[in-house]
Every structure is written in structure tokens, then in C-alpha cells.
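S.K.: One structure, pasted below without further comment.
The values are calculated or read from the model by the stated rules, or taken from the named source; none is laboratory data. From a predicted model like this one, the values you see are computed outputs, not experimental measurements. Note that we place each Cβ from the backbone using ideal geometry, even for glycine, and neighbour counts take in every protein chain shown.
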Amino acid sequence: MSDSQKAYRRIVRREMHSPRSTLAIALAVVGVLVAAWIGTESVLLSLGRPALLVDPVVALDAAIALPTTVTVAALIAAGSVVALVGLALVLVALLPGRRALHQGRTGRTAVVIGNRAIASVLARRAARAAGVGSDQVVVSVSRRVAEVRVSRSSGWTVDEPSVAAAVEHELARLDVSPALRPSIVVERRGVVGA
Amino acid sequence: MNATNRALNRAGILIVGLVLLVVGAAVAVVAAVPSWLQGWQDGAATLAVPFDPAETATLAIVVAACVLAIVLLAVFVVRQGRGHTRTLVRRGGSSGEVVVDAKVAATLIEAALENHPAIESVSVSGYRVRRTPALKIALSVRRGSSPTDVRDAVDGVVARWDALLGSEVPVLVTIG
């Protein structure tokens, strides 16, 4: 059983984090395009044929002459933009990249539940407990907090403790990790005609 | 559940990011400091390329490097997302071998779950995780339905599948 527990730990951990494939593939495709272009220009140059876009010799000279041909402001701006793109990539590479999922209790099977599915069932429970329509409850689920906002119908009151009890009961049934703390907000202003 | 090399993905992104960050920051900072900019301009004026970029030997090296880079990057892209398997169980004896295709599990489990009132769609696929086969049951559920109820239904179907197969493979259920 410990083998399958280990397998589940690995499977769930991988499921809950982004593989960063999209960005890695995009960068690889850019790399392929650049390499293909440089290779093509080099072949054309060696054959003495006209360049596709830029002759590599001209490009190299232009790169070396950059500080004298381009204004200081343009150099600073271009350098800053490149540095910011680089910083964004570094952050993507280092941040955990958690997906909007929660892990359920592992038994015979392992389970991960999307935050939207959790929010959707909490909204239904809260609406029933509050006696309002489902469009009067908005639930947002983040990593640690499930926020339930109930807007009451004008002239009616919402039994906040029973909403809280319904939400807590559903969260206890879900038993997800990281654990979700409920936060119930009943809007002061009522909805007319609801 | 696939076999994507995530460490390699992140390492590649990190290296590209660091190169862009260092080069971009260096250009911006040097351009912003007048004396450094002067030094850069003087250096650029006197800089001589140590090789002739138009020479055939140089071009051959450049082309070879480009081809190598393209091949490596293509392999890197193609290797993303692999790890699907068609074989769920393979059991050999002296008189022969029994192979259970993941398609069998997919057909049976999908058929058992698709009529559940809370389930909108279900798709089952076989993976190979660290050389052991595993199943992924991906479900999308109807609005407001209880993931706990759906999970209990899935576990019931999996228990029946276990009894049929005579062994347990790891199963990941995703509810979205």
C-alpha cells in the first residue's frame, strides 16, 4: 500500500501544479525559428545568394555599432523591456504555479477537485439555506478561503447562522486540502424584486 | 499524469529569462550612465570581430550549430505530454500472456458513469507513472452538484472494475 501512496502523492502533486509546458514550447518554437533563420541566411551567404531578410555580416556589424547608432533613450527603453520580459520568465520558472484545484481525501482513488466545482456546490447549499435564488449567491474559492456572498431579497432577512452551517457542512463533506475556511458575507442592501 | 520533464521546462525558461534579464539590464544600465556609455561607444568603434563571418568554415560551424539547436529543441517539444499508455495490465505465464488494454477500462468506466445525473462528461485514459500503469478519470460535473457524491459514485465503479480486473491500479479522479 505504501507504494501506491507514494504513487498517489506524486500523481496529485503533479496534477496540482502547472507543468509550464505552454511557455516552454513557445520559447522552444521561437528558438527553432531563430536558429532556422540564422542557418538559412548563413547558407545563402555561403552560396553568394541575396539574403532573405538581413545579411548576417551586416547584422553583426549593426549589433556592434548599436551604442553609436541608436539614441540613449531607445537603448534604455529597449534594455528595460528585455529585462522585464526576462524577469517575468524567471518568476514563471521559480514560482510554484499552483492550479486552481484542491485535493480530496485519498482512499482507493486519489481525487482533485476544481475550485469552480467547489464554489458551485457551496453556492447551491448556501442559496437553499438562505432561501434565495441561486443568482443571489456568489462564491469564490481561493487556496485557503471560500467566500460566500449572499444578497438578500428586499424586505426579507437571511438566517446567517444557517447559511454558515450549510457551508461548513458541505466543506466538512468535501474535506479538501489545503483546508478551506468559510467566510460568509450577507450584503446589507436587499435585491428588489428577487 | 504525463511524463513531461517539468524540471527541464523550468530550467529552460529560467535560463532564457536570466539571459534576457542580464542582457537587458546591462544595456539599460550602461546606456543610463554617461561615462559607461562613452566606454561602450569607444569599445564598439575599435572592436574587431576575431573571425571572418563570411568565411565558409565559420558559416559551416554556424549552420551545424543551428541544425543541432533545431533538432534538440524539436525533441524537447515532442517529448512534452508523453506518458500515455494503451496497456493497462500485462500478465505473463509459461503458457502465454494476457494483456488488458486501457481502452477496456475506459469503455467500461465511461459507460458506467455517463448516465449519472450529476456528471456532464467523463473521459478515462491510461498513463504510465514511474513504469506502473495508472488510470485518470476526468469528470466535468453539472453546476451545483456535489463533488463528494460524484466521487463516491466513481469509487463504486472503480471497486467493480478492480473486482473484474483482479488487481488494483492507481486511479486519479479529477472533478471540474
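S.K.: Regarding the range A:2-13, can at least one residue be identified that is touching a Ser or Thr at 6+ places or on another chain (Cβ under 7 Å) and touching a residue at least 60 places away in the same chain (Cβ under 8 Å)?
M.R.: Yes, there is a match, as at least one residue in the range A:2-13 is touching a Ser or Thr at 6+ places or on another chain (Cβ under 7 Å) and touching a residue at least 60 places away in the same chain (Cβ under 8 Å).
S.K.: Which of (1) in a helix (DSSP H, G or I); (2) more than 8 Å from chain A (Cβ to nearest Cβ) does B:A31 not meet, given it meets every other one?
M.R.: (2)
S.K.: Also: Yes or no: B:Q80 polar (S, T, N, Q), touching a helix residue (DSSP H, G or I) at 6+ places or on another chain (Cβ under 7 Å) and modelled with pLDDT of 90 or more?
M.R.: It is true that B:Q80 is polar (S, T, N, Q), touching a helix residue (DSSP H, G or I) at 6+ places or on another chain (Cβ under 7 Å) and modelled with pLDDT of 90 or more.
S.K.: I'd like to know if the range A:96-110 contains one or more residues that are outside any loop (DSSP other than H, G, I, E, B), at the interface with chain B (Cβ under 8 Å from one of its Cβ atoms) and surrounded by fewer than 15 Cβ atoms within 10 Å (Cβ to Cβ).
M.R.: no
S.K.: Residues of the range B:148-176 being of a type in the set (D, E, K, R), over 26 Å from A:L122 (Cα atoms) and assigned to a helix (DSSP H, G or I), which ones?
M.R.: B:R160, B:D162
Matching residues to (1) under 16 Å from B:G166 (Cα atoms); (2) touching a Phe, Trp or Tyr at 6+ places or on another chain (Cβ under 8 Å):
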position	(1), (2)
B:V89	yes, no
B:T107	no, no
B:L113	no, no
B:G126	no, no
B:K136	no, yes
B:L139	no, no
B:R143	no, no
B:P147	no, no
B:V150	no, no
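S.K.: Please work out which residue is farthest from B:V171 (Cα to Cα), limiting yourself to the range B:107-137 and to residues that are hydrophobic (A, V, I, L, M, F, W, C) and without any contact (Cβ under 8 Å) to a residue 24 or more places away in the chain.
M.R.: Residue satisfying both the conditions and the ranking: B:A111.
S.K.: Residues in the range A:169-194 that are within 18 Å of A:V138 (Cβ to Cβ), surrounded by fewer than 15 Cβ atoms within 10 Å (Cβ to Cβ) and of a type in the set (D, E): how many?
M.R.: Total meeting the criteria: 1.
S.K.: Right, something else. If a residue counts only when it is among the hydroxyl-bearing types (S, T, Y) and more than 7 Å from chain B (Cβ to nearest Cβ), which helices (runs of 4 or more DSSP H) contained entirely in the range A:1-92 have at least 1 such residues?
M.R.: In the range A:1-92, the matching helices (runs of 4 or more DSSP H) lie at A:2-16, A:21-46, A:66-69.
S.K.: With the checklist (1) touching a residue at least 40 places away in the same chain (Cβ under 8 Å); (2) more than 7 Å from chain A (Cβ to nearest Cβ) in hand, flag the one item B:G12 doesn't pass.
M.R.: (2)
S.K.: Please indicate, with yes or no, whether at least one residue in the range B:43-59 is in a helix (DSSP H, G or I) and crowded, with 19+ Cβ neighbours inside 10 Å.
M.R.: yes
S.K.: In the range B:138-165, how many residues are within 8 Å of chain A (Cβ to nearest Cβ) and free of Cβ contacts under 8 Å to residues at least 40 places away in the same chain?
M.R.: 11
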